[in-house]
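Here's the structure, in structure tokens; my notes come after.
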Amino acid sequence: MIFNSIDFLLFFSIVYIIYLISKHHIQNIFLLISSYFFYGYWDYRYLSLLLISTLVDYFVSLQIIKVQTTKVKKFFLIISILSNLSILGFFKYYNFFTLSAKVFLASLGFYINPILLEFALPLGISFYTFQTMSYTIDVYRGQITPTKNFFDFALYVSFFPQLVAGPIERATNLLPQVLNPRSITFQKLSEGSFLVLLGYFKKIYIADNLAFIVDPIFKNPNSSGAEMIFGCFVFFFQIYGDFAGYSDIARGIAKFMGFELMQNFNHPLFGINVSDFWRRWHISFMSWLRDYVYFSIGDKTDSESKKHFKNFLVFFLSGLWHGANWTFVIWGSINGIVFIFYRILQPYLPNWETNGLIWKEVLKKFILGSVTLFSVCLPLIYFRSTNVSLAWIHTQALWLNFGTIESKIFVKFLKNIVLLVFIEYIQNKSQNEFAIFSLPIWLRTIIYVSMFYSILILGNFDKNAFIYFVF
Amino acid sequence: MLSFISYFKSTPAFVFALGFIVCFETILHFIPNLYYLDGKGAFFTYYKRYIAERGEENYDILMYGDSRSLSLRGFARSEAFPYSLYNFSLPAAGPWYFKFFLKKYLLHHEKPKLVIWAADPQQFSLKKTMAFHDNPALWNEFKHRLLNLFSIVETWEQYEGKELFFILKEYIPHSLLSVRHRQGFESILNSKISSLFETPSLVRENLIVEAIVKESYGQINLGNFFTVPNIREVALQEKENQLKGMQNTEMNLEPLKLFLDYTQSLNLKVVVLNIPRLKEFNQSPYFKDVVPQMKKLISKYPQASYLEFENMEYDLDLFSESIHYNAEGEKIVNQEFLDKIVPKLYARIEEDNVKK
């Protein structure tokens, strides 16, 4: 079931009414059933994977807390990690690695004909496996006490607003909210309503309309270099609208039910360097890699070169996580290299003094922001292209066929994003995603009405699935 | 339980926005002929609905069919044509709705003397909405055919089970006029400021459609109305695709049976008219099989009879893309319709009693 469908609106209306009239314990059981229905609505057979992941981590975490020796604790942790990664590896990466091996062996003169799997990638598998793994690792590290109530734990793993595309919640944040009664306040309802409206605006109006600009550019092997650069910028907004839109809706509907999910995007458009950008982008996932990969393979005493290696590894894994395709691996690797370069050059970069002058401050942020945006947008050629050969053709166009872009498309793009950029600017300025609430009533009314009718009249209603569902 | 009044008091901008939206949607209900703002396809459906509901002119013969039968011209009563004919055919809507569209017409008009069923038998295979369930883009393209033609109550009557659920959930957003006419609003919002005071281009196009349909009593030939490039290679390709599609097409005479049952209950004469198609289609196993079955079904109904054109097989040269006639095809088919078919329809009307 996708958020931008009538099916979901009907589903949530029914769930919410029953939720409101139920007591805490019933609410949890009911939410668990609803979450399984939500997931099974797409393909009920894959519910078994969700259940296996849940069962393994539930029992393993209880064993970890029961046993005394570190060795045995580690053994159980490895069981959890291996089982989750096996599910992920088999369903998401089997064909990728098998085909890559086939090509590699063929280049050496060995020809094999491996069996390939022919089924759809289970929805949200990368999200819920990471979420359950983080739980077991936190239990192993002694950061949380595992819950004995299986149904509560199952709800933590499968909570439908964030089940298929995040945010990847930590047990430290979500589990206490599952275990304890939740309160629904006016503030949560207002914030939830705003986030839901903003989320649908980002998805249906921004992302799905920008797809009309992006798709032909990346499909055409003859696109010029200028078109590719433009296409990358537009795709950045598309994927941001798509993914942040999903997160906003997820957080909004969670707020309706009294839950607080973590903020997944902190206005990355206004990042002033690559490090700052990646701290603002897909926060739940990037912080997962930081906490469970980066910090697991070293400490503060690491040499600079080891830190660079760890940073590269994080971005490499980030690429691989996004999809079973070399394009994603290359995309992640480029980002890793760009990040390392930034780290190396950082001490030598000029520190522009603005002497408190606003125009200088604005200019500085604009220049730094533009350079940052450019350096994260350009690698998106590899993220968006369907295969490495096409991505390479697109890359070559940057110096072999620079060309121009049609001003009409550029104006269309600007018209599409102007309201979003304004809202993001307001939010980023005060580092408060509800800063809109402090604007004059008349301006807020205009913003809400504009967003509403942008969705209804100008939005793309082809029920496009969210891009991140396939990750 | 929270007090929603207090909630609204705490968020005045939401209340104002909501108030604005309610007012705007209400005002839209009082704006007449809003459907002139829509795209041609949606407008066309609305216009046919308007004719069926307006109750001004009673027609003697009504034709229900598909995008090809839409090419047959209707006519007013005159010395040459003592009985009038209105063509209610619609493209890409299947035949399931015919019974209900006729029912709608009868609510506002006198009973006609004869009704023509002119849907291509290939259309019988189409389930009501099933073809659209897994194809949102196609549904978005064609949903106005089913949603704009009937009210929600009339829609409810036509479906059951999974299809009822599908159509009703699609009706929910469609009940907002801003969504229903979004194509028109979208074109206004995207137009240049300088052109805001001019008649919107969609309105101008729809006025042309209206003039054509008014003059021809419901007819419009899609083959030459839309500028389909008349390229033989494209037509040949389309022909092959259609022939391939026919191999997997299931036959379902249920919609015809439904229509015949209904007209029998009204004691209303029906002619099932088979109209010319591409030669290769007509010679395909599908048509060789379906036509005798149609005739067998029709023979069970005393008020119904079967009629076909003398020449049922046209060459590709007479089509714009193998389905719809080009200008030449349109001319030939209408000539035969007026010269040969209409006299037979008149004779059928003038038979004293329905056949026993």
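Some notes on this structure:
- Residues that are part of a helix (DSSP H, G or I), modelled with pLDDT of 85 or more and over 20 Å from the mean Cα position of the chain (by Cα) do not occur anywhere in the stretch A:113-135.
- Check on A:Val470, more than 13 Å from chain B (Cβ to nearest Cβ) and at pLDDT below 90: yes
- Where strands (runs of 3 or more DSSP E) fall wholly inside the stretch B:59-171, the ranges with 2 or more residues that are closer than 21 Å to B:Val271 by Cα and in contact with a Lys or Arg (Cβ under 8 Å, 6 or more places away or on another chain) are B:114-118.
- Residue in the stretch A:225-241 that is buried (at least 20 other Cβ atoms within 10 Å of the Cβ), among the hydroxyl-bearing types (Ser, Thr, Tyr) and either without any contact (Cβ under 8 Å) to a residue 12 or more places away in the chain or farther than 19 Å from A:Leu414 by Cβ (or both) present: no
- Screening the candidates A:Leu55, A:Leu108, A:Leu62 for the property of being more than 29 Å from the chain's Cα centre (by Cα), within 17 Å of A:Leu175 (Cα to Cα) and not aromatic (Phe, Trp, Tyr) yields one hit, A:Leu62.
For (1) at pLDDT below 90; (2) under 27 Å from A:Lys203 (Cα atoms); (3) out of contact with any Leu (no Cβ under 8 Å at 6 or more places or on another chain), each residue gets a yes or a no:
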| position | (1), (2), (3) |
| --- | --- |
| A:Phe341 | no, no, yes |
| A:Gly356 | yes, no, yes |
| A:Leu373 | no, yes, no |
| A:Cys377 | no, yes, yes |
| A:Gln396 | no, no, yes |
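- Residue within the stretch A:166-181 that is surrounded by 17 or more Cβ atoms within 10 Å (Cβ to Cβ), under 24 Å from A:Tyr292 (Cα atoms) and over 23 Å from the mean Cα position of the chain (by Cα) present: no
- Those residues of the stretch B:15-38 which are more than 14 Å from chain A (Cβ to nearest Cβ) and either buried (at least 16 other Cβ atoms within 10 Å of the Cβ) or within 16 Å of the chain's Cα centre (by Cα) (or both), in sequence order: B:Tyr35, B:Tyr36
- Per-region count, the stretch A:353-381, residues among the polar types (S, T, N, Q) and out of contact with any helix residue (DSSP H, G or I) (no Cβ under 8 Å at 6 or more places or on another chain): 2
- Pairs with Cβ under 6 Å, 6+ apart, first in the stretch B:294-314 and basic (Lys, Arg), second modelled with pLDDT of 90 or more and outside any helix (DSSP H, G or I): B:Lys295/B:Tyr306
- Filter result (of a type in the set (A, V, I, L, M, F, W, C) and surrounded by 14 or more Cβ atoms within 10 Å (Cβ to Cβ)) within the stretch B:166-186: B:Phe166, B:Ile167, B:Leu168, B:Leu176, B:Leu177, B:Val179, B:Phe185
- The stretch A:344-367 - residue that is farther than 20 Å from A:Leu269 by Cα and surrounded by 10 or more Cβ atoms within 10 Å (Cβ to Cβ) and, of those, farthest from the chain's Cα centre (by Cα): A:Leu357
- Filter result for B:Leu345 (closer than 21 Å to B:Gln219 by Cβ and of a type in the set (A, V, I, L, M, F, W, C)): yes
- Selection status of B:Glu154, closer than 28 Å to B:Tyr59 by Cβ and out of contact with any helix residue (DSSP H, G or I) (no Cβ under 9 Å at 6 or more places or on another chain): no
Yes/no per residue for (1) of a type in the set (Gly, Ala, Ser); (2) at pLDDT 90 or above; (3) assigned by TED's automatic domain parsing to the domain that holds A:Ala120:
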{"site": "A:Ser407", "(1), (2), (3)": "yes, no, no"}
{"site": "A:Ile423", "(1), (2), (3)": "no, yes, no"}
{"site": "A:Gln427", "(1), (2), (3)": "no, yes, no"}
{"site": "A:Pro440", "(1), (2), (3)": "no, yes, no"}
{"site": "A:Ser454", "(1), (2), (3)": "yes, yes, no"}
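- Entirely in the stretch A:331-401, the helices (runs of 4 or more DSSP H) that have 2 or more residues that are over 23 Å from A:Trp281 (Cα atoms) and in the same structural domain as A:Ala226 (by TED's automatic domain parsing): A:358-377, A:388-400
Listed here are the residues, each with its yes/no results for (1) closer than 26 Å to A:Gln187 by Cβ; (2) touching a Cys at 6+ places or on another chain (Cβ under 6 Å); (3) assigned to a helix (DSSP H, G or I); (4) not polar (S, T, N, Q).
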| residue | (1), (2), (3), (4) |
| --- | --- |
| A:Val214 | no, no, yes, yes |
| A:Phe218 | no, no, yes, yes |
| A:Ser223 | no, no, no, no |
| A:Met228 | no, no, yes, yes |
| A:Val234 | no, no, yes, yes |
| A:Ala244 | yes, no, yes, yes |
| A:Ala250 | yes, no, yes, yes |
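- All of B:Ala92, B:Ala80, B:Ala76 fail the test of being at pLDDT below 90, within 29 Å of B:Glu330 (Cα to Cα), surrounded by fewer than 16 Cβ atoms within 10 Å (Cβ to Cβ) and away from chain A (no Cβ under 14 Å), apart from B:Ala80.
- Residues in the stretch B:300-326 that are surrounded by fewer than 13 Cβ atoms within 10 Å (Cβ to Cβ) and either outside any loop (DSSP other than H, G, I, E, B) or in contact with a Leu (Cβ under 6 Å, 6 or more places away or on another chain) (or both): B:Asp317 only.
- Flag for A:Phe316 being modelled with pLDDT of 95 or more, assigned to a helix (DSSP H, G or I) and surrounded by fewer than 23 Cβ atoms within 10 Å (Cβ to Cβ): no
- Hits in the stretch A:269-310 - residues which are touching a residue at least 60 places away in the same chain (Cβ under 8 Å), closer than 23 Å to A:Gln238 by Cβ and part of a helix (DSSP H, G or I): A:Leu269, A:Phe270, A:Val274, A:Asp276, A:Phe277, A:Trp278, A:Ile283, A:Ser284, A:Phe285
- Filter result for A:Gly241 (more than 20 Å from A:Glu424 (Cα to Cα), away from chain B (no Cβ under 14 Å) and under 14 Å from the mean Cα position of the chain (by Cα)): no
- Residue in the stretch B:96-106 that is of a type in the set (A, V, I, L, M), surrounded by 19 or more Cβ atoms within 10 Å (Cβ to Cβ) and modelled with pLDDT under 90 present: no
- Top-ranked residue of the stretch B:156-182 - restricted to ones that are more than 10 Å from chain A (Cβ to nearest Cβ) and among the polar types (S, T, N, Q), ranked as nearest to B:Ala42 (Cα to Cα): B:Ser175
The values are calculated or read from the model by the stated rules, or taken from the named source; none is laboratory data. Because the structure is predicted, anything quoted here is derived from the model rather than measured. Cβ sites come from the backbone with ideal geometry, for glycine too, and all protein chains shown count toward neighbours.
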